[in-house]
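First comes the structure, then the notes that go with it.
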Amino acid sequence: MISFAQFFAGFAFFLVGLKMFSTNLNQLTSLRFRKWITQFTPNNFIAAVWGVLLSILTAGNTYLTPFVCAGFQTVNALSLRRSIHMINWSRVGSCFYIYLAGFDIQIFILFLIGVAGTSFALSKPKRFSALMASVFALGLVLFGIQEIKDSTKIMVAFDWFNTIVAFANTHASVAFLAGLIFKIIAQSFFGALVVVLGLLDTNIFGIQQALLFMYGVYLGEAVLKALYLPILKDAFKQAVCMLPIYYGIAFLLGIGDYIAESYFDLPLLGYWAMKLSSSSKEFLAHVNFALHLLTALLITAFARPVESFLKSLASEGPGEHIRPVDIPSDVLDDPVITMEMISKEEMRLVRYLPAYHENLRSGKALIDDSMQEYLHDNLSRNFATIRSIYADLLHRGSYHSTISALILSSIERQNLLVNLENNLFDFSQTITSLQKASVDDPDLRMRFLNFVEALDVILLSLLDLMDDPDPFRIEVIDALTREREDLLKEVRDHFSERLSMDQRVRLIRLINLFESSIWIMKRLAVLYAHRMQLASGLEEGS
């Protein structure tokens, strides 16, 4: 019973340590490491090198590298092709820990936990506390591995266990199924391979059974990651999809090599790995590394079709996908920089607003209603992200009165932009419904587009103001909004005579949306005039 307790305790130490290690190291290196990757990834080869290093730094974590790459993709800091190479070669880097698990480093592990744990607990030296926490977590990972290996040695003494081993040796498929099931239950690729190393070390598994167990783990990894794909979107779906592709290929290569050597006596991977090995653990580590390397080389050679396939996964929705807002949490301590970044993100988002009018003008909105809905959903989601950032900024502490006024002004601007976007979406939906109801009157359908053109002129002037705040642009918006009264008078005098009662109700709603949109844009112009005064006051105060 004690051997089972030791095995489960060791596996628990391993999983907890692995999670702590990835979390602490991510906190320690995230900003600096990401800047390095962004600045120094000029080609695919360097991207592959970064992938190997990132995998070693994160203890071979299968999720972290794809998610880091997806984050870079969403902010256009990394192309899909380079993301493929980084994820691809990160799996080769993870083999380092399989070799490490094969060495007898028990004394080193205890010293590592002792020194790093003491330093972490006392927070001295303070500047290295995050690093010591990562080293301590790595010590727990290695300690868990050692416990797993020790517990499997004890199991050999039990008769019932030898019976299971004899059955596994007779039926080779048992080892394969055991690897597949163990990977799915444990959900740790590295942990599953560590277990098979422990079983191999105690002669519980022969080399053939260990290979089949490992190939079962490969297949389990591919299946498990494929099951996550439906809940992911866009860049994250593309990045994680690399894992089932990678381990699906590795599984096929491994099984192919096993069949060729077992049934046809061909000297392939197993033959050469045995030549280079002094122990069964080393043999398994060599085969694992060779399969990872061959898989990485194959994907590198066929990177273009892989890229085309991954691009097809992200082609969701009938319109252009809008990149998510991404403002690092580190900059929130500086409200001025944060507001500048938010302003740039808002400017990026509002540049999509004329697309509502363009879809109406071109007739695309009539053909496909979902285009406007897709645009609205994307913009709403991004504006909600900005709203949460403002909420976080407000709770950071007290600010100088001028900065507080700027923050409140920015929040008001954001609320106005959200209302404007909602208005433009409702406006486009109402125009579309009126055009569909007036299918027998082409002249009337075209007249509805007068609303679109009138609103579009003011919207484009507003974008000019937001892009380059200037008193003259504010005066232009004020003049344009005053001229809209003639259009509304024409509508009330002539349009209503040619509409049914239901269409008149929609027309009234259209006029209300038109007028409220103009009011919002006038209010935004006034707000920008006020912000220009606040900004000049902040410069004088500094």
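Taking the stretch 42-51, which residues are over 18 Å from the mean Cα position of the chain (by Cα) and crowded, with 20+ Cβ neighbours inside 10 Å?
Taking the stretch 42-51 first, the residues over 18 Å from the mean Cα position of the chain (by Cα) are 42-46, 48-49.
A48 - this is the single residue of the stretch 42-51 that is over 18 Å from the mean Cα position of the chain (by Cα) and crowded, with 20+ Cβ neighbours inside 10 Å.
Looking at Y258 and the list (1) closer than 22 Å to K281 by Cβ; (2) surrounded by fewer than 18 Cβ atoms within 10 Å (Cβ to Cβ), which single condition is not satisfied?
Unmet condition: (2).
If the requirement is being surrounded by 17 or more Cβ atoms within 10 Å (Cβ to Cβ), assigned by TED's automatic domain parsing to the domain that holds T402 and touching a helix residue (DSSP H, G or I) at 6+ places or on another chain (Cβ under 6 Å), which of these qualifies: L253, L349?
Details: L253 fails: assigned by TED's automatic domain parsing to the domain that holds T402.
The match here is L349.
Of (1) among the charged types (D, E, K, R); (2) crowded, with 20+ Cβ neighbours inside 10 Å; (3) under 21 Å from H530 (Cα atoms), K344 satisfies all except one. Which?
Answer for K344: the failing condition is (2).
Part of a helix (DSSP H, G or I) and under 27 Å from S388 (Cβ atoms): does that describe L455?
no
Which residue out of A273, A239 is assigned by TED's automatic domain parsing to the domain that holds Y99, without any contact (Cβ under 8 Å) to a residue 24 or more places away in the chain and among the small types (G, A, S)? Give the derivation first.
Details: A239 fails: without any contact (Cβ under 8 Å) to a residue 24 or more places away in the chain.
Every option except A273 fails the conditions.
I need a count of the residues in the stretch 507-528 that are crowded, with 18+ Cβ neighbours inside 10 Å and either over 15 Å from S461 (Cα atoms) or modelled with pLDDT under 85 (or both). Even if it seems obvious, please write down each step before you answer.
Of all residues in the stretch 507-528, those crowded, with 18+ Cβ neighbours inside 10 Å come to 507, 510, 513-514, 517-518, 520-522, 524-525, 528.
If we keep only those that are either over 15 Å from S461 (Cα atoms) or modelled with pLDDT under 85 (or both) too, we end up with 507, 510, 513-514, 528.
Counting residues in the stretch 507-528 that are crowded, with 18+ Cβ neighbours inside 10 Å and either over 15 Å from S461 (Cα atoms) or modelled with pLDDT under 85 (or both) gives 5.
The values are calculated or read from the model by the stated rules, or taken from the named source; none is laboratory data. Just so you know, these numbers come straight off a predicted model, no measurement behind them. Cβ: placed from backbone, ideal geometry, glycine included. Neighbour counts: every protein chain shown.
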